[in-house]
Amino acid sequence: MRGAGLAAGRPSGRITRGTTNINRLRRVDRAMAADPRIRAACDVPRPLAVDLGYGGRPDTAVEMAIRLRRVIPDLDLVGLEIDPARIVEPRDGVRFALGGFELAGLRPHLVRAFNVLRQYDEDEVHAAWAQMRSALAPGGLIVEGTCDEIGRRCCWILLDGDGPIELTLAWSPAHTRRPSELAERLPKALIHRNVDGEAIHRLLETADQCWDRAAGREVFGPRDRWRYARDMLRDSGVDVRVPRGRLVDNLLTVPWGAVAPG
């Protein structure tokens with residue numbers, strides 16, 4: 001295996017349920033491929049990415065490689081699983097190995113850890129983040145989050161070697177009535193903080209209010225309505241990052257400081 005060898009000893013973490021579905025992580029894959037910071041982090045010869053905890057089947061790891069290689073052609077991707085029974089032979093240019101939060105001794109430029117920490121306690125999150133961050137290559141990034149069973153609603157945190165940078169909520173415009181419906185898919189660091197007095201609760205409330213005020217734009221479709229609502233959210237003082245270009249998904253991205261637990 002390229003770079004540092006697989007770490008000796010027991011992988012760090014616990015075995016998850018391993019449930020997955022084809023195309024479940026398409027929204028986060030699209031966002032990663034479009035993010036100039038991720039492309040910059042992988043702007044090195046033969047960049048290495050890790051899909052941590054790909055589950056009972058390797059489909060989403062292979063899909064991640066396919067989508068990212070459209071913009072990072074020479075990407076080397078390794079899928080890591082803590083359950084030895086889930087390790088499979090290489091396929092479609094992706095290799096699979098035993099590993100957990102220690103990242104198997106690898107030094108990746110990009111890590112996707114999706115639906116992994118959902119089964120942990122909130123007070124375990126920062127230790128897992130720290131362990132992954134310590135294994136990154138210089139300038140590396142982590143995308144850690146959660147989604148529903150078929151990937152219509154996704155939430156993730158972008159981290160670098162110093163800690164969390166921002167939170168993104170992404171959802172299917174046709175299958176979500178209000179932004180706050182993503183609350184049940186918030187990352188573990190935030191899901192229990194959706195209560196009065198916490199910043200994430202205020203953000204979701206304000207997003208819903210702007211969405212309701214934008215009801216007149218529904219005639220143009222839910223994507224247009226969300227664009228209008230997002231502008232109102234920004235005008236209300238929320239530091240919203242506005243993506244460029246036409247989007248398939250509805251996206252809400254804010255700095256970590258806007259939602260960090262109090």
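Values in this text are rule-based calculations from the coordinates and carry no lab data. All values reported here derive from a predicted model rather than from experimental measurement. Please note: Cβ atoms are built from the backbone with ideal geometry, for glycine as well, and neighbour counts cover all protein chains shown.
So, R0 is 22 Å and r is the distance between the beta-carbons of ARG118 and ILE22; what FRET efficiency does that work out to, to 0.05? Please report the intermediate quantities before stating the final value.
On the way: r = 20 Å, r/R0 = 0.89.
FRET efficiency, ARG118 to ILE22: 0.65.
Provide the net charge surrounding VAL125, with neighbours chosen by a C-beta distance below 10 Å and charges set as Lys +1, Arg +1, Asp -1, Glu -1. Let's see the in-between values first.
Numbers: positive: LYS188; negative: ASP121, GLU122, ASP123, GLU124, GLU144.
Neighbourhood net charge equals -4.
Just to confirm my numbers, what's the Cα centroid distance between the range 185-223 and the range 227-262 in Å?
The distance from the Cα centre of the range 185-223 to that of the range 227-262 comes to 10 Å.
Just grab the label-to-label distance for ALA215 and ALA34, each label 7 Å out from Cα along the Cβ direction, in nm (one decimal).
The two pseudo-label positions are separated by 2.8 nm.
What's the Cα-based Rg to Rh of the range 147-196, Rh via Kirkwood?
On the Cα set of the range 147-196, Rg over Rh gives 1.00.
Return the equivalent ellipsoid semi-axes of the range 39-121 as a descending list in whole Å, where each equals the square root of 5 times an eigenvalue of the C-alpha gyration tensor.
Working: eigenvalues 83, 40, 27 Å².
Values for the range 39-121, descending: 20, 14, 12 Å.
In degrees between 0 and 90, to the nearest 10, how far off the longest principal axis of the chain does helix 125-135 point, with axes built from Cα atoms?
The two axes meet at around 50 degrees.
Expressed as cubic angstrom per residue, what is the convex hull volume of the alpha carbon set of the range 132-245?
On the way: hull volume 15.1 nm³, N = 114.
Spread over its residues, the Cα hull of the range 132-245 gives 133 Å³ apiece.
Expressed as a fraction of 2.2 N^0.38 Å, the rule-of-thumb size for a compact globular protein of N residues, what is the C-alpha radius of gyration of the range 177-230? Kindly include the intermediate steps, with their values, before the conclusion.
Working: Rg = 12.3 Å, N = 54, 2.2 N^0.38 = 10.0 Å.
The reported ratio for this selection is 1.23.
Pull out the extension gain between ASP224 and GLU184, defined as 0.36 nm times the separation in residues minus the alpha carbon to alpha carbon distance; nm, one decimal.
Numbers: separation 40, 0.36 × 40 = 14.40 nm, distance 2.44 nm.
Going from the current span to full extension adds 12.0 nm.
Please compute the volume of the convex hull spanned by the alpha-carbon atoms of the range 93-181 and report it per residue in Å³. Show your work: numbers first, answer last.
Details: hull volume 11.9 nm³, N = 89.
Cα convex hull per residue, to the nearest whole number: 134 Å³.
Can you give the net charge of the other residues whose Cβ lies under 13 Å from the Cβ of THR253, counting K and R as +1 and D and E as -1? Could you put the intermediate results ahead of the total?
Details: positive: ARG27, ARG37, ARG230, ARG234, ARG241, ARG244; negative: ASP35, GLU166, ASP239, ASP249.
Its environment carries a net charge of +2.
Going by Cα centres, the range 106-142 and the range 66-104 are how many Å apart?
15 Å
At 222 nm, what helix-only mean residue ellipticity would the chain give, in deg cm²/dmol to the nearest 500, using -39500 (n - 2.57) for each DSSP H run of four or more?
Details: 7 runs with 69 residues, N = 262.
Theoretical 222 nm ellipticity from helices: -7500 deg cm²/dmol.
What's the Kirkwood radius of the chain in Å, using all Cα pairs? Display every interim value, and only then the final one.
Details: mean 1/r = 0.0534 Å⁻¹.
Every distinct Cα pair counted, the radius reaches 18.7 Å.
Which of the cysteines in the chain are isolated, no other cysteine C-beta under 4.7 Å?
CYS42, CYS155, CYS210
Take LEU247 and ALA85, extend 7 Å from each Cα along the Cα→Cβ direction, and tell me the distance between the two endpoints in nm.
4.0 nm
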